[in-house]
1. Do we find a residue being over 28 Å from Thr92 (Cβ atoms), of a type outside the set (D, E, K, R) and assigned to a strand (DSSP E or B) anywhere in region 108-118?
2. If I ask for residues that are assigned to a helix (DSSP H, G or I) and surrounded by 13 or more Cβ atoms within 10 Å (Cβ to Cβ), which ones from region 227-238 would you list?
3. What pairs come out if I take residues in region 243-262 that are over 14 Å from Val170 (Cβ atoms) and pair them with residues that are of a type in the set (Ser, Thr, Tyr) and part of a helix (DSSP H, G or I) whose C-beta lies under 9 Å away, six or more apart or interchain?
4. Can you tell me which residue within region 338-353, out of those that are among the β-branched types (Val, Ile, Thr) and under 11 Å from Phe317 (Cβ atoms), is farthest from the chain's Cα centre (by Cα)?
5. Residue by residue through region 1-18, note down the ones that are under 20 Å from the mean Cα position of the chain (by Cα) and either small (Gly, Ala, Ser) or under 20 Å from His129 (Cβ atoms) (or both).
6. Restricting to region 20-40, what's the tally of residues that are closer than 21 Å to Gly152 by Cβ and either part of a strand (DSSP E or B) or over 15 Å from the mean Cα position of the chain (by Cα) (or both)?
7. If I filter region 22-43 down to residues being closer than 17 Å to Pro105 by Cβ and touching a residue at least 40 places away in the same chain (Cβ under 8 Å), which single residue comes out as surrounded by the fewest Cβ atoms within 10 Å (Cβ to Cβ)?
8. Which of the residues spanning region 127-144 are over 12 Å from the mean Cα position of the chain (by Cα) and not in a strand (DSSP E or B)?
Amino acid sequence: MDCVLTHEHPTADGHRVMELVLNDAARHNALTLDMIDTIQPQLDAWRDDESVVAVVLRGAGEKAFCAGGDVVSLAKALKADSDSPLPEAFFTREYKLDYDMHTYPKPIICWGSGIVMGGGKGLLTACSHRIVTETAVLAMPEVTIALYPDVGGSWFLNRLPGRTGLFVAVTGVRLNAADVLFLGLGNRFAQSSRYPELLADLAAAPWQSADPHNTVNGVLRALEHRSQPAFDANSPIRNHYDQIQTVTDADNVEGFVAQLMALETDDPWWLRAQKTTAHGSPLAIKVMSEQLRRTRHASLRDVFLAELALSVQCTRFREFQEGVTALLIDKTGKPDWTFKSISDVDSDLVDGFFQSPWNTNPLSSQI
């Protein structure tokens with residue numbers, strides 16, 4: 001089975017719209033190294049191909065665009081060999097792909113329908129045109145596996161309104177389509193059943209003389225208008241924005257978490273945020289807070305370089321294997337974290353995570 005399917009859609013004026021389909025619906029299209037290594041050369045080839053005017057990216061099936069990176073393979077490889085080269089290889093090639101998509105000169109349209117998490121969120125955010133449907137469920141739940149929101153998360157979370165970026169990172173909160181549009185993580189809504197219309201409209205659009213990004217904008221604007229009856233405008237993030245600002249108003253992440261856990265509420269949305277944070281890795285919470293602080297004013301390139309070093313360091317510590325095993329392999333949901341609370345986390349250990357494991361970052365010559 002091909003891990004990524006490629007389809008060509010000829011346009012009425014003699015151009016081509018290329019479609020890439022992550023093809024592992026049974027695993028919610030979890031992003032594998034083979035997928036990354038299939039997509040990268042395709043985008044490289046289409047970059048300077050004048051016949052290609054746009055790229056569409058989606059996931060196979062109806063349940064997920066992409067439920068995240070293939071962290072199970074990483075954890076298993078590290079369990080077999082603590083010096084496994086797989087984490088460095090995986091993250092280097094994943095981040096190169098994400099960076100190239102962020103900076104791609106042609107429109108890349110992502111169909112964010114169903115589950116969009118972790119590495120899938122990185123792909124979505126890297127696209128110029130980011131569509132979410134009424135079935136979209138987005139999250140960066142890395143706190144539950146002792147990682148942090150990578151794949152450019154250090155860049156886009158720092159650009160969310162107020163302190164919602166830190167809140168989304170620490171709580172792993174799930175976002176619906178209205179949330180995503182409010183935060184600016186997506187820029188268009190479409191009804192999930194209208195995907196064939198998207199392809200048909202792109203094929204029929206005039207590409208000969210117009211800027212291709214404007215052509216896509218016109219197609220998506222019309223599609224969004226037709227999709228409005230399916231749009232639920234209720235955004236929990238927007239509804240709770242003021243209270244999020246209050247809860248996160250602390251001198252450090254320890255104070256934020258203490259205020260979150262002390263919140264007396266019967267609101268299911270807040271209760272879920274408290275539960276996920278309480279079960280997450282205290283070490284990961286400290287790391288993600290520090291990463292957002294360090295990259296607050298960093299360029300996109302510098303963010304990916306920093307994330308590569310941090311991701312490799314995180315996977316070398318036992319917490320990562322413990323989290324992935326408990327959540328995704330054994331599925332006990334009860335990881336035995338090294339540190340039981342944020343106050344227990346060794347600050348020197350956290351500082352060590354931000355030391356590069358190489359003299360020269362292997363991504364520096366590729367982006």
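1. no
2. Applying the first criterion (assigned to a helix (DSSP H, G or I)) to region 227-238 yields 227-230, 236-238.
If the condition is that a residue be assigned to a helix (DSSP H, G or I) and surrounded by 13 or more Cβ atoms within 10 Å (Cβ to Cβ), then Ser227, Ala230, Pro236, Ile237, Arg238 are the ones that fit.
3. Gln245/Thr164
4. First, pick out the residues of region 338-353 that are among the β-branched types (Val, Ile, Thr): 338, 342, 345, 350.
Filter once more, keeping what is under 11 Å from Phe317 (Cβ atoms): 338, 350.
On the way: Thr338: 26, Val350: 23 Å.
Across region 338-353, the extreme among qualifying residues is Thr338.
5. Taking region 1-18 first, the residues under 20 Å from the mean Cα position of the chain (by Cα) are 3-4.
Answer for region 1-18, where residues must be under 20 Å from the mean Cα position of the chain (by Cα) and either small (Gly, Ala, Ser) or under 20 Å from His129 (Cβ atoms) (or both): just Val4.
6. Our first condition is that a residue be closer than 21 Å to Gly152 by Cβ; within region 20-40, this holds for 20, 22, 28-33, 35-40.
So of that shortlist, the ones also either part of a strand (DSSP E or B) or over 15 Å from the mean Cα position of the chain (by Cα) (or both) come out as 20, 22, 31, 33, 35, 37-40.
Residues in region 20-40 being closer than 21 Å to Gly152 by Cβ and either part of a strand (DSSP E or B) or over 15 Å from the mean Cα position of the chain (by Cα) (or both): 9 in total.
7. The selected residue is Gln40.
8. Once the filter is applied, which keeps residues that are over 12 Å from the mean Cα position of the chain (by Cα) and not in a strand (DSSP E or B), region 127-144 yields Ser128, Thr133, Glu134, Thr135, Ala136, Val143, Thr144.
Every read-out reported here was derived from the displayed coordinates using simple, explicitly stated rules and does not represent laboratory data. Just so we're clear, the structure is a prediction, and the values are computed from it rather than from any experiment. Positions of Cβ are generated from backbone atoms using ideal geometry, with glycine treated the same way; all protein chains shown enter the neighbour counts.
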